Each structure stands twice: as C-alpha cells, then as structure tokens.
Amino acid sequence: MPWPTSVSEYRGSEPLRAVVSGLGAVRERLAAQLVDQNVTRPMIVCGESVSRSPVLELVQDALGDVWPSSVFDGSRPHTPAETVAAGAAMARAEGADALIAVGGGSTMDCARGIAVLLATGLDEVSQLAPAEYGKLGQRAAGTTGSSRPPMPVVCISTALSFAEFLPFWGSRHAEIARKRPYMEDGHVTRTVFLDGEVAAHTPTAVWCETGVKALDDALMSFCRAPDAEPFADPVLISAISALGTLLPRSRAEGTVVERQHVLTAVWMTKFPLPRLAGGPGGGWFSTTARHSLGAVLEVPHGIGSCVALLPGIRYHQHDAAARQMALKRAVSWGDNVTYATLDEAVSALLASLHVPTRLSEIGVDGSRLDDVVTAMVDEAPWLGSPEQLRAACAEML
C-alpha cells in the first residue's frame with residue numbers, strides 16, 4: 001500500500017476521560033460520572049438560551065437532589081474574557097468542585113477557562129500566557145503544571161462545534177478585537193456527553209451552522225494532510241459522507257435519532273488517530289477566517305464557516321489539489337449526483353442546509369474587511385500575503 005513509512009509517534013489525548021454517547025446518556029449516566037469523580041458541588045455553566053430551554057431542566061433532573069448545583073448562565077459567544085472571570089468568581093464563592101458545561105463551543109471554552117483560573121488562583125484571563133495558533137500542541141511559555149488535581153469538567157454538547165475535544169480553549173479580548181488560545185495545561189479532565197435527546201432541542205439554524213463548522217474542520221483535517229493516511233482517511237471519508245447525508249435530514253428540531261447519528265459522525269472527525277505522514281501541515285483559510293470574523297466582527301463561528309468554507313476550498317485548490325480530488329471522488333451526499341469538484345459538492349450541500357454563505361446575508365458589509373485580513377495575518381502569517389487573503393475574503397461578501 002502507498003502509505004507513509006517515515007517515523008511517527010502517536011499519543012492519546014489524556015485530558016479526555018470519557019465520551020458517553022447515545023440517546024438518554026445524560027439521564028442514565030451523568031450521576032454515575034459525578035460519583036466516579038467524587039464530585040460534591042458541581043456548578044452548571046451555560047448561556048442565556050440554554051438557561052431558558054428544556055435542556056437545563058433535563059440536566060438538573062439528572063442531578064436530582066444529591067448534587068445541589070448552582071448555575072452560571074453568563075457564557076456568551078466567543079467566550080469574552082470578562083465572562084470567564086465572572087464564572088470563576090462565582091465558582092469560588094459557591095465552592096464548586098466540578099463544572100458541567102451545557103451548550104456549544106463558547107460554553108465549553110468558558111467552563112474550561114473557569115477551571116484554569118481556579119487551578120492557577122488567577123482572577124483574569126489576561127493574567128494567563130496565551131498559546132500560539134501554530135503551536136497548540138505545546139505548553140505556553142511561562143506556564144507550569146498545577147500541583148492540584150485537575151478539575152472535572154463535564155461537557156454536554158447542544159451543538160456541533162465540539163470544542164470540548166480539543167486540549168485548548170479560546171477567549172475574546174474586546175480591547176484588542178482578538179481571540180487568544182490558551183492551553184488547559186493539566187488543569188482539566190473532560191467527560192463528554194453526546195446525547196440526541198439533548199441535541200433535539202437545539203434551534204435549526206444553530207444546528208446547521210455549527211454542522212458546517214464541523215464539516216469545515218473535517219475537510220481541513222483531510223485536505224491538509226501531505227499524503228494518504230491509512231488510519232485517518234477512511235474514518236474522515238466515512239464521517240464526511242455521513243455529515244453530508246445526515247445534516248439535511250436532522251435540520252428540524254425534535255429529530256432525535258438523526259441528531260444522535262450526526263453527533264457520532266462529528267465525533268469520528270475529532271478522535272485523534274495516528275498520522276504517519278507527519279500530521280496536517282500549513283494553515284487553512286476558512287479556519288483562520290472564521291477566527292478573525294469572530295474576533296473583529298463578532299460573527300458566530302458557525303456562520304463564519306458557512307461564509308468562508310467555499311472561498312477556502314478555492315483558496316487551497318492548488319496546494320491541496322490532489323487531496324481535494326481524492327475526497328471528492330470518495331464522498332457522497334446520498335443524492336446520486338456526481339460533482340465535478342469538491343467546491344461544487346460542498347456548495348450543493350450548503351444550499352440544502354439553507355445557511356448563509358455571504359456576509360451580506362447577515363447584514364455585514366465590507367467596511368472592516370481590512371481589519372479581518374490584518375487579524376488573519378496576525379494569527380497565521382504563513383497562510384499568504386495580505387493581498388492574497390484580501391482577494392479571498394472579498395468572496396465572502
């Protein structure tokens with residue numbers, strides 16, 4: 001087989017303690033997971049929308065009377081630094097010994113940021129040393145591991161951002177209009193719940209937009225690989241095909257089984273597998289663009305992927321041509337249509353999901369496009385020249 005033969009090393013993701021998946025997982029297993037980790041005073045972390053939804057009641061019912069839980073509902077999109085600080089202050093006041101994050105990617109980041117502040121004894125995110133986007137597998141300079149046991153963070157996903165599978169979290173600093181990444185640095189252990197009963201309550205728009213973000217991440221993971229990958233390629237191809245088929249079928253709220261299958265498909269794209277060709281290389285346009293759109297214009301990351309995905313595929317059509325073609329030949333959306341290019345296939349899928357694919361559709365004009373480009377260069381200077389990036393960003397308008 002034409003697989004890489006160079007030396008490589010595989011390590012599992014240690015902070016990920018368990019993934020509990022299936023219909024009714026929260027009802028059946030949340031209490032047991034807390035018992036296993038000797039939790040006595042959990043604090044729920046969520047945003048305003050979840051705090052008003054049946055999901056919060058479902059989680060509280062699963063806790064019963066055994067665990068009196070406080071609720072911090074201050075999580076906000078892009079995880080503003082001040083919300084992490086507020087959550088940490090409340091957790092200290094309540095004596096919380098675990099956090100239960102209920103929501104999407106911003107809530108997962110908020111909870112882990114709270115855990116890091118508690119472990120380090122710091123009050124503000126600005127007191128932490130940020131990591132670098134190009135070195136997210138490395139500990140930030142000036143940080144040390146904690147002598148305290150890591151804080152249990154239970155992550156109950158309501159959307160498809162799946163930030164809880166990553167060993168770092170991000171927080172937006174409004175004063176500089178940038179979102180900075182931070183490592184968990186051994187301060188967190190994660191237990192992830194993927195439950196279609198919970199996801200069934202997520203609004204259609206949020207579900208589809210974050211589903212496109214998951215697709216965006218999966219396409220990046222496949223197309224950035226410099227060579228064929230015997231472990232990752234079959235899993236990614238299967239998962240990407242499933243997303244293209246199942247996302248349109250799971251659009252409506254209440255599609256419990258379909259949404260459970262989508263959660264599984266996204267999980268497949270996030271599980272760390274050996275990379276024999278040395279791991280994905282270089283940057284990826286749509287990932288950097290959505291980060292910058294969020295930091296500068298506060299565009300939700302799901303929508304950021306919706307508007308940046310197609311320009312991103314075209315931006316990388318030369319440096320990732322072979323991988324794009326291999327993926328296009330392998331995937332199917334279950335629609336019996338043969339597409340000429342990956343760009344064309346993804347365009348058809350986005351149309352079926354009824355998501356915005358241009359910034360003008362959400363009321364954003366091009367007046368701050370240069371600021372977005374500057375933020376992209378700051379994050380990934382290796383991605384291309386400002387002129388190249390601006391031309392691609394103009395396609396998002």
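A few comments on the model shown:
- Near Arg178, the amide H atoms lying under 5 Å from its own belong to His173; only residues 5 or more places off or on other chains count, and H is placed 1.01 Å from N.
- One chain, two ends: Leu273 and Arg76. Fully extended at 0.36 nm per residue, the span grows by 67.7 nm beyond their Cα-Cα distance.
- 11 Å cut-off, amide nitrogen to a point 7 angstrom out along Ala330 Cα→Cβ, residues in the stretch 226-240: 227-240
- The convex hull defined by the C-alpha atoms of the stretch 71-116 has an orientation-averaged projected area of 2.7 nm².
- Only helices enter the 222 nm calculation for the chain: every DSSP H run of n ≥ 4 contributes -39,500 (n - 2.57), and dividing by all residues gives -14500 deg cm²/dmol, rounded to 500.
- FRET efficiency estimate (nearest 0.05) - Cβ-Cβ, Glu175 to Asp378, R0 22 angstrom: 0.90
- Under-5 Å amide H pairs with Thr189, H placed in peptide plane, nonlocal only: Met151, Val153
- With the simple spin-label model, which puts each label point 7 Å out from Cα in the Cβ direction, the Ser347 to Ala18 separation comes to 4.7 nm.
- The antiparallel fraction among DSSP beta bridges confined to the chain stands at about 20%.
- Subtracting the Cα-Cα distance of Arg92 and Thr264 from their residue separation scaled by 0.36 nm leaves 58.4 nm.
- The string of couplings for the stretch 49-64 from the Karplus curve (6.51, -1.76, 1.60, θ = phi - 60°) is 5, 5, 5, 9, 9, x, 5, 4, 5, 4, 5, 5, 5, 5, 6, x Hz, one whole number per residue in order, with x for Gly and Pro.
- Amide H partners (placed H, <5 Å) of Val20, local residues excluded: Val192, Phe193, Leu194
- Summing charges over all other residues whose Cβ lies under 14 Å from the Cβ of Ser241, with Lys and Arg as +1 and Asp and Glu as -1, gives +1.
- Kirkwood Rh and Cα Rg combined as Rg over Rh, evaluated for the stretch 204-394: 0.95
- Full extension of the segment from Ser126 to His318, taken as 0.36 nm per residue of separation minus the current Cα-Cα distance, would add 65.2 nm.
- For the stretch 204-394: relative contact order, % (alpha-carbon pairs under 8 angstrom, 6 or more apart): 28
- Contact order relative to length of the chain, as percent, for alpha carbon pairs under 8 angstrom and 6 or more apart: 17
- Take the Cα of Arg41, go 7 Å toward its beta carbon, and the backbone nitrogen atoms of the stretch 71-97 under 11 Å from that spot belong to 91-97.
- Of Leu310, Ala375, Leu359, farthest towards positive along the dipole that unit charges on Lys, Arg, Asp, Glu beta carbons give the stretch 204-394: Leu310
- Pair-distance distribution of the chain: all C-alpha pairs, bin width 20 Å, starting at 0; shares per bin in whole percent are 28, 60, 11.
- Charge dipole of the stretch 204-394 (Cα centre as origin; +1 on each Lys and Arg Cβ, -1 on each Asp and Glu Cβ, all else neutral): 420 debye, rounded to the nearest 20.
- Listed residue (Thr191, Gly254, Ala119) projecting farthest to the positive dipole end of the chain, Cβ model: Thr191
- Residue by residue, the stretch 369-386 carries 3J(HN,Hα) couplings of 4, 5, 5, 5, 4, 4, 5, 5, 5, 4, 6, 9, x, 7, 6, x, 6, x Hz when phi is fed to the Karplus relation 6.51 cos²θ - 1.76 cosθ + 1.60 (θ = phi - 60°); x denotes Gly or Pro.
- Protection proxy ranking of 157-167, 56-66 - average other beta-carbon atoms within 10 Å, highest first: 157-167, 56-66
- Cα-only radius of gyration and Dmax that characterise the stretch 27-118, units Å: 12.3, 35
- Rounded to the nearest 20 debye, dipole of the chain from Cβ charges on Lys, Arg, Asp, Glu: 500
- Value of relative contact order over the stretch 16-199, rounded to a whole percent, pairs C-alpha under 8 Å and six or more apart: 29
- Per-residue Karplus couplings for the stretch 344-361, computed as 6.51 cos²θ - 1.76 cosθ + 1.60 with θ equal to phi - 60°, are listed in order as 5, 5, 5, 4, 5, 5, 4, 4, 5, 8, 6, 9, x, 10, 9, 5, 4, 6 Hz, Gly and Pro entered as x.
- Distances between every pair of Cα atoms in the stretch 16-199, grouped in 10 Å steps from 0 to the bin holding the largest one, split as 10, 42, 36, 11, 1 percent.
- Computed over neighbours whose Cβ is under 12 Å from that of Thr120, the net charge equals -3, Lys and Arg +1, Asp and Glu -1.
- Gyration tensor verdict on the stretch 212-318 (Cα atoms; rounded if a/c is under 1.5, prolate if a/b is larger than b/c, oblate otherwise): oblate
Just so you know, all these numbers are worked out from the coordinates, no wet-lab data involved. This one's a predicted model, so the numbers in the text were calculated from it and none came from an experiment. Glycine also receives a Cβ, built like all others from the backbone with ideal geometry; neighbour counts cover every protein chain displayed.
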